[in-house]
Amino acid sequence: MLKNIVIIGSAGALGNALTTQISLSHPDAVIHAFSRKESLAKTHNISTHVMDYGSETSIESAAILASQDGPIDLVIIATGILHDGELTPEKSLKDLSAEKLQYFFTANTVLPAIVAKYFTPYLNKIEPSIFAVLSARAGSISDNGLGGWYSYRASKAALNMIIKNVSIEVGRRNKKAIIVGLHPGTVDSHLTEPFKKNIPEDQLFTPDYSALKLLEVLFDLTPKNSGNFFAWDGEEIDP
């Protein structure tokens, strides 16, 4: 039974949907919803908090706060960027810049790694616990047949390595921990707004649908699955 849950990135479309769905399915759990700005309505079991994603001190304080009521049973990191103003995925090498690489890596790789540093020590060691990070199929090296999107692909590939490393280290001291990456599919959100015209309608998911499918996958995992990367439909993806 999940008693203490953490969602990081709860203000985004998918993070919001995940928070809402978990609140409904686990009404007796305490849910700590972290975002850069408090935007979720507080309910009987959702506590909203502000986290400065660029501050390691803020992340450490968030982990301490979330663990005050007991060990953490589930952490979901639902943050990440694909574009931001003029910073868009590269179509070719000539579009690549150090600025883009640093920006994408900071958001997509560094933040989840620092969150793992401070939150995984508080994972439940008596019952199975989950630390899940939203990654992307685009970060799979073996699945890359199109090229392009250098910064985004590389930052997600690096994230997948972070997840694998964390699963190995945490698994040595916490045999109940499940550390995984998740591919949510293509979700109708701000993240995908510039690219929706190229996506078939049946491949563009609502946030609620993606959230429900991801939770089905998560709650079917065991510690044997730790370190792996799963799509919204349960398919295991080779990083």
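Just a few scattered comments:
- Considering only residues in the stretch 145-180 that are under 19 Å from residue 74 (Cα atoms) and basic (Lys, Arg), the one that is nearest to the chain's Cα centre (by Cα) turns out to be 164.
- Search result, residues across the stretch 145-190 that are in a strand (DSSP E or B) and either hydroxyl-bearing (Ser, Thr, Tyr) or out of contact with any helix residue (DSSP H, G or I) (no Cβ under 7 Å at 6 or more places or on another chain) (or both): 186
- Every condition in (1) assigned to a helix (DSSP H, G or I); (2) over 27 Å from residue 188 (Cβ atoms); (3) touching a helix residue (DSSP H, G or I) at 6+ places or on another chain (Cβ under 7 Å) is met by residue 14 except one, and the failing one is (2).
- The single condition among (1) assigned to a loop (DSSP other than H, G, I, E, B); (2) out of contact with any Asp or Glu (no Cβ under 8 Å at 6 or more places or on another chain); (3) of a type in the set (Ser, Thr, Tyr) that residue 142 does not meet is (2).
- Filtered residues of the stretch 122-139 (kept if surrounded by fewer than 22 Cβ atoms within 10 Å (Cβ to Cβ) and either charged (D, E, K, R) or in a helix (DSSP H, G or I) (or both)): 122, 125, 127, 137, 138
- Among the residues of the stretch 51-91, those that are among the aliphatic types (A, V, I, L, M), assigned to a loop (DSSP other than H, G, I, E, B) and in contact with a Pro (Cβ under 9 Å, 6 or more places away or on another chain) comprise 78, 82.
- Given (1) among the acidic types (Asp, Glu); (2) free of Cβ contacts under 8 Å to residues at least 12 places away in the same chain; (3) buried (at least 20 other Cβ atoms within 10 Å of the Cβ), number of the condition residue 86 does not satisfy: (3)
- None of 120, 109 is of a type in the set (Ser, Thr, Tyr) and under 24 Å from residue 210 (Cβ atoms) except 109.
- Here the condition is being modelled with pLDDT of 95 or more, in contact with a strand residue (DSSP E or B) (Cβ under 8 Å, 6 or more places away or on another chain), outside any helix (DSSP H, G or I) and crowded, with 16+ Cβ neighbours inside 10 Å; of 119, 34, it holds for 34 alone.
- Subset of the stretch 181-239 that is surrounded by 12 or more Cβ atoms within 10 Å (Cβ to Cβ) and of a type in the set (Lys, Arg) - its residue that is modelled with the highest pLDDT: 213
- Within the stretch 102-113, residues that are in contact (Cβ under 8 Å) with a residue 40 or more places away in the chain and crowded, with 22+ Cβ neighbours inside 10 Å sit with their Cβ atoms under 8 Å from residues that are assigned to a helix (DSSP H, G or I) and among the aromatic types (Phe, Trp, Tyr), at 6+ positions apart or across chains, in these pairs: 104/152; 108/152.
- The set of residues from the stretch 50-75 being without any contact (Cβ under 8 Å) to a residue 60 or more places away in the chain and touching a Leu at 6+ places or on another chain (Cβ under 7 Å) comprises just one member, 53.
The values are calculated or read from the model by the stated rules, or taken from the named source; none is laboratory data. As the structure is a computational prediction, the values presented were derived from the model and not from experiment. Neighbour counts run over all protein chains shown; Cβ positions are idealised from the backbone, glycine included.
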